[in-house]
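The values are calculated or read from the model by the stated rules, or taken from the named source; none is laboratory data. Just so it is clear, the model here is predicted, and its values are computed rather than measured. We place every Cβ from the backbone using ideal geometry, glycine too, and count neighbours over all the protein chains shown.
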């Protein structure tokens, strides 16, 4: 059980973009538990986009439009599938080191 915690922390640290960590103290007060959960969900989506080299804003726009158009199921809206269907969302030469401190 102790090893699971270490693996979880390492995985979390490797997925976390440095730019998202900047506001960590501010996010302690995001309107109680519901706001914190919503913020965590959005930041997870943004971090996933960053890890796949996608423009997070454009990805969210594509997904929101698809949902408003009546898209069913989550599979087609996953970041790797959106990247394949919309190659214009992939940021060329993207590197996490380019993120602001």
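Please go through the stretch 51-68 and pick out each residue that is under 15 Å from residue 91 (Cβ atoms) and either without any contact (Cβ under 8 Å) to a residue 12 or more places away in the chain or part of a helix (DSSP H, G or I) (or both).
Within the stretch 51-68, 51, 56, 57, 58, 59, 60, 61, 62 qualify.
Could you tell me which residue of the stretch 79-101 is modelled with the lowest pLDDT, considering only residues that are surrounded by 10 or more Cβ atoms within 10 Å (Cβ to Cβ) and not in a helix (DSSP H, G or I)?
99
For the structure I just gave you, tell me whether residue 48 is modelled with pLDDT under 85, part of a helix (DSSP H, G or I) and under 11 Å from the mean Cα position of the chain (by Cα).
It is false that residue 48 is modelled with pLDDT under 85, part of a helix (DSSP H, G or I) and under 11 Å from the mean Cα position of the chain (by Cα).
Please find, among 71, 40, 76, the residue that is surrounded by 10 or more Cβ atoms within 10 Å (Cβ to Cβ), touching a helix residue (DSSP H, G or I) at 6+ places or on another chain (Cβ under 9 Å), outside any helix (DSSP H, G or I) and modelled with pLDDT under 90.
From the options 71, 40, 76, the qualifying one is 71.
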